[in-house]
Structures are given as C-alpha cells and as structure tokens.
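Remarks on the structure that follows.
Bear in mind that the values in this text are calculations on the coordinates, not laboratory data. Computed from a prediction, not measured in an experiment: that's the story for all the values here. Cβ: placed from backbone, ideal geometry, glycine included. Neighbour counts: every protein chain shown.
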Amino acid sequence: MKNFSNEIKQELLDKLKGLTETVSDSLSDFSKGKPVFVSSETQELRMSICRACSDFNAATSQCRRCGCFMSAKTKLRQGSCPIGKWGREWWTKLKFLIKFLENVAIDFSNWLKKVGMKMQFLLGRNLMNG
Ligand code: SF4
C-alpha cells in the first residue's frame, strides 16, 4: 500500500513538473515578445496525433501520460508530447510528413504486390496456352 501511494505521488509530481516547465517556458517566450501559440493548422496536426494515440482520453481530452488537457497544450508553442510523438511546430510537421511518406510507401508496396500477382497469373495463363 505504501509503495502504491508513493507511486501515485511520484506520478503526480512528474505530471506537475511537466506542466510547470511548459507554462514557465511559455511565460518566458511571452516576456521576450516571442509567439506563445502555434498556428491552428499545427494545433490540428497535434490533436490528430493525440486522437489516434492509445494514451488519449477522449472523454476528458486529456493525455494519460502527462495529465494535460490536450486542447490547451496543443496550442502552446512550447508544448510537447511526453513520448515524443509531437513537439515544436517544425518537428510536428516533419513527423507528419514522415508518417505520410510511410503510408505512401506501404500503399505503393501493396500495389506492386497486386500488380506482380496479376502479372504472374497472366504469364502463367499464357504459358499454359502455349
Ligand atoms: S501527448 Fe503524446 S502521449 Fe499524450 S495523448 Fe498526445 S500523442 Fe499520446
């Protein structure tokens, strides 16, 4: 029971630490006149990654890992995913592009397999017909 309680305390402390860092970095940006928020396009990209994540609690819009409300955290330029699925604006776009290219490569490979199978079938039929 004692260990369980300590684990919960540690988890809460870790979540608070992450939240404090994000807020303090955002305040630091604000005080330097830097932009605090990302574009709505980037926020939507980040949210689409969260919605597809098994750690996303859709009922509360919270991340189970960091405990943050993602509709708010995804707006902050300093916000980032605790397991590196998205981060700064350029990083989010790069990851999205990599995922997109991965999907294109998978689709292309599946298409090649289908074409290859069809070619084998046609060649086999031609050989059988003489
Ligand atoms: S912040 Fe990261 S871990 Fe949390 S829900 Fe979003 S993608 Fe998943």
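Brief remarks follow.
- Tilt relative to the chain, helix 2-31 - C-alpha long axis, 0 to 90 degrees, to 10: 90
- Largest to smallest principal axis extent of the C-alpha atoms in the chain, angstrom: 79, 48, 21
- Förster radius 41 Å - calculated FRET efficiency between N103 and S5, Cβ distance, rounded to 0.05: 0.40
- For segment 1-50, Kirkwood radius (reciprocal of mean inverse C-alpha pair distance, Å): 13.4
- Pairs from the list K17/K93; K34/K75; K73/K99; K34/K73; K17/K99; K15/K99 with a Cα-Cα gap above 20 Å: K17/K93; K73/K99; K17/K99; K15/K99.
- For the chain, modelled as a GNM whose springs connect Cα atoms under 10 angstrom apart, the maximal fluctuation among K99, K114, K17 occurs at K114.
- Between the Cα long axis of helix 89-128 and the first principal axis of the chain there is an angle of about 20°, rounded to the nearest 10.
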